[in-house]
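These notes concern the structure reproduced below.
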There are 2 protein chains.
Amino acid sequence: MAIYFHWEQSTADIWQDAFGTALSHVDLRTEQALGDPKDVQFAVVWAPPKGRLKQFPNLKYIFSIGAGVTHITDDPDTPLHVPIVRLQDDMLVQDMSCHILHWVLHFHRFYDLYKRQQAEKVWKRHLYRDNQERNVVILGLGQTGLDACQRLSDLGFKVTGWSKSQKSLTGVDCLHGEGSLRHALSRASILVNLLPLTPETTDLINKETIEMMPDGAFVINCSRGATIVDDDLRQALNTGKIEAAALDVFRDEPLPQNEWYWTHPKVNVTPHAAAPSNERSAAQFIASHIHRALNGEKPWPIVDLQRGY
Amino acid sequence: MAIYFHWEQSTADIWQDAFGTALSHVDLRTEQALGDPKDVQFAVVWAPPKGRLKQFPNLKYIFSIGAGVTHITDDPDTPLHVPIVRLQDDMLVQDMSCHILHWVLHFHRFYDLYKRQQAEKVWKRHLYRDNQERNVVILGLGQTGLDACQRLSDLGFKVTGWSKSQKSLTGVDCLHGEGSLRHALSRASILVNLLPLTPETTDLINKETIEMMPDGAFVINCSRGATIVDDDLRQALNTGKIEAAALDVFRDEPLPQNEWYWTHPKVNVTPHAAAPSNERSAAQFIASHIHRALNGEKPWPIVDLQRGY
C-alpha cells in the first residue's frame, strides 16, 4: 500500500511523521518519487498536477488538504468514481482566532507600551477606549474571518468585515467588493488581514491604502507577506501613521537576517505561527481516516459531488 | 442630601454629569469643598483619606469605586456599621476577561518567547498544545471569574474554576473549598488568580502551594499583590518551576523602583491596569443605586465584612 502526497506549500516529512504515528507502515510517494502507480491506494492532495490521479488504477480514496475540493475536481481527468474526503479542520479556525484575539487585545490594551514602560520602570496606566468604541476591521471573511469577527464582536468590539463576495454575520458590519474597501479601511483602527493571496490582493496594503486608514492604526497580518508593500509599511511605521504591527507572514520566509522587520521597535515578528496546526492537525485527521479505511471502515466526510461539498 | 466623592485618578465632573442624569438634585462634595459633614449621606470613594469617612455622622452607604473594598476597610477609622456597596460593573467584568484572555493566549502561544527570539533574529516556530489539552485554572468565581471561565472554555481550553463556596458553570469543572485547592492547583498549567484579598487568601500563593502546580506553569495575578509571597514566586521563577508571570498587582503600588519584578526576564508588569474602573459605567451604576437608596430600596451588592467581599 502506498500514499501519493502532493501539496506544494508543505514538505512531505511532517506528513510522514503524522502518518508514521497512526499507521503501521507508510510508503509515501511524491512527484519526485512516484514508483509504481499500481501501489497507490490513497491520494492526499492539494491541487495535484493535471491528469495525475487518473494514473493510479487502485486508488481507493482521495483526501483533500482543505475544506474545498475544486482544486481536485477542476481536473476533467480526475476519476470521480473514487470517493473524495474533505478536510474538517476546526482547529485551524480556532487557532487563527486565538492569534487574532491576542494581538487585537495586545494593541487595544497597551501591553506593547507596558512592556516598554517596564524596561524603564515606569508605572503609568493608560486609559483605553471602551471596546465598543474600538473599530476592528477584518479583511477576508472565509470560515476563519467569520469566526474571528464573531469572537471579537462577543468581546464588545465594533467589528467590520470586508470580503470579495457578500457575507453576513449578526452584529458585524459586512462590506464587500472593491468599491467599499476605502470605506472599510477608513474605520480600521485595528486592521486584521486574512485575505488569500491572489493577483488582486498582492500589494493591497500599500502607501495609498494605508493613507485611507485612521492615524495611529495597528496592522495584524495573518495572510501572506506579499499582500503588503514592505517599504510602504515601514514608512508608515516611521511616521506614526501606523502605530505598530504584528506580522506573522513575510515575502521571504524564514525572514532573512538583514530584514528591517526584525529590529523595528514597533514590529512584532512571529514565525508564521498564527495557525500552524494546519499541517499537523490536517495530517493527523487524514492519517486517522486512512487508518479507518485500512480497517474496512469509511473515512468521512465524503464529498457529495452533486451538492459540491 | 450631599454625596462625598473621592477618587484621585478621576475628576468629579464626569460623576457630576452621571449623577445629574439619575438624580433630581446633586450636591457633590470633594476634598476641595467638604462643606458641612452632617449633609453627607453617601460616600463614593476609592482610597479616601484616612479618617475622612468617620467624619460624616449621617452616612448611609459607602460606595466603593471598584470590586474590592480593602482600600476602604484598610482605614481602622472607617465606620464599619455603614453598609459598603461594591461595584458590579459589566464593563469591568468584560475588561478583566480581556486582560485574562490576553495573557492566557500570550503564554499558551509562546508570544513571550517569540519576542525574545525576535531580539535575536531567530525564526523558530514552537508547537503548542491543542487548547483542549491546556489546563487553565481560575481561582475566584465571582462574576468576573465566571465570565473568564466561560470565555476561555468557548476558546476550547480545559477550564477549572475554584472558589470558596460552590459554583457551577457548564463546560467548566468547578471545585470549591480549601480541601480541593491542592486538586485545583495540580492542574494549573496556567493559573489565574482573581481571589478577593481576605485573611484566608493573603499569602495563598506560597512555596507550598506553588509546589502543588505542574512544572513550568504560568501565573497571572489580577487579584491583589498580598495574595502572593513575593520571595517564593521569585524563587519558583528562578528554578523554572514557574515559567513566567503576568502581574498586574503588587504589595506596594506604584511598584517601587528597587523591586526585582521590574527587571526579571520572566515577569510582565502591568500597572494595575487589568480592569480599571470605567468612570462612565461606574458612575452610572452608583448613581442608579443612590437613586434606589433615596427611594427606600436597598442598593447592592452589600459587602459581607466577615467574608471580605
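A compact table of results
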read-out	value
Rel. contact order, % - alpha carbon contacts under 8 angstrom, at least six apart, chain B	17
Dipole magnitude of region A:90-269 about its Cα centre (Cβ charges: Lys, Arg +1; Asp, Glu -1), debye to nearest 20	680
HN-Hα J in Hz across region A:161-172 - Karplus 6.51, -1.76, 1.60, θ = phi - 60°, x for Gly and Pro	x, 10, 8, 5, 9, 5, 9, 9, 7, 4, x, 10
7 Å along Cα→Cβ, label-point gaps from B:GLU297 to other copies, nm, shortest first	5.7
Volume per residue that the Cα convex hull of region A:26-74 spans, once the total is divided by residue count, Å³	80
At most 12 other Cβ within 10 Å, DSSP loop - trypsin sites (Lys or Arg not before Pro), region A:47-102	A:LYS50
Per-pair calculated FRET efficiency, R0 = 45 Å: B:LEU28 and B:ASP130 via Cβ, rounded to 0.05	0.25
q = 0.15, 0.20, 0.22 Å⁻¹, region B:177-309: log10 I(q)/I(0) [Debye, one scatterer per Cα]	-0.80, -1.16, -1.32
Per-residue HN-Hα couplings for region A:220-226 [Karplus 6.51, -1.76, 1.60; θ = phi - 60°; Hz; x = Gly/Pro]	10, 9, 10, 9, 9, x, 6
Per residue value of the accessible surface for region A:90-269 (all protein chains in place, 1.4 Å probe), Å²	41
Cβ-vector label at 7 Å, A:GLU120, separations to other copies in nm	2.7
Residues whose placed amide H lies under 5 Å from that of A:ALA217, excluding near-sequence neighbours	A:GLU243
Taking region A:90-269 and dividing mean pair separation by its residue count, relative contact order in percent (alpha carbons under 8 Å, at least six apart)	16
For A:GLY161, residues with placed amide H under 5 Å, excluding near neighbours	A:ILE138, A:ASP173, A:CYS174, A:LEU175
Total charge dipole magnitude, chain B, about the Cα centre, Cβ charges on Lys, Arg, Asp, Glu only, Debye to nearest 20	720
Exposure of A:ARG280 as accessible area (Å², to 10), given a probe of 1.4 Å and all protein chains	60
Accessible area, probe 1.4 Å, largest first, for residues A:MET1, A:MET91	A:MET1, A:MET91
Isotropic mean projected area of the C-alpha convex hull, region A:1-137 (nm²)	13.0
Along chain B, longest interval not containing exposed GluC sites (Glu not before Pro), exposed being DSSP loop plus at most 10 other Cβ atoms within 10 Å	B:121-296
Helix-only mean residue ellipticity at 222 nm for the protein assembly as shown, each DSSP H run of n ≥ 4 adding -39500 (n - 2.57), per residue, nearest 500	-9000 deg cm²/dmol
Whole-number percent relative contact order across region B:93-148, with pairs defined as alpha carbons under 8 Å at least 6 apart	58
Spin-label model distance (nm) - B:HIS71 vs B:GLN143, 7 Å beyond Cα toward Cβ	1.7
Cβ-Cβ FRET estimate between A:LYS50 and B:GLU253, R0 fixed at 56 Å, reported to 0.05	0.25
Nearest-0.05 FRET efficiency for A:LYS164 and A:GLU208, computed from C-beta distance (R0 22 Å)	0.70
7 Å along Cα→Cβ, label-point gaps from B:THR263 to other copies, nm, shortest first	2.5
Per residue Cα convex hull volume in Å³ - calculated over chain B	150
B:SER180 versus A:ASP17: modelled label distance in nm, points set 7 Å from Cα along the beta carbon direction	3.8
Along principal axes, Cα extents of region B:90-269, largest first, whole Å	48, 36, 33
Antiparallel content of DSSP bridges confined to region B:72-188, in %, to 5	10
Carbon and sulfur %, accessible surface of region A:90-269 computed with the full protein complex present, 1.4 Å	49
Among A:LEU247, A:ALA22, A:LEU155 the positive-end extreme of the charge dipole of chain A (Cβ point charges)	A:LEU155
Cα lying deepest toward the dipole's positive end in the protein assembly as shown, options B:VAL69, B:HIS176, B:SER288, charges on Cβ	B:HIS176
Rounded to 5, percent antiparallel among DSSP beta bridges of region A:160-309	5
Computed over the protein assembly as shown, Kirkwood Rh from alpha-carbon pairs, angstrom	27.2
Buried area at the B-A interface (accessible, heavy atoms, 1.4 Å probe, summed, Å²)	4800
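The values are calculated or read from the model by the stated rules, or taken from the named source; none is laboratory data. If you're wondering where the values come from, they're calculated on a predicted model, not measured in any experiment. All Cβ positions, even for glycine, are placed from backbone atoms using ideal geometry, and neighbour counts span all protein chains on display. For the accessible areas, the whole protein counts, side chains as well, though only heavy atoms, and no ligand, DNA or RNA atoms are used. Shrake-Rupley method; radii C 1.70, N 1.55, O 1.52, S 1.80 Å.
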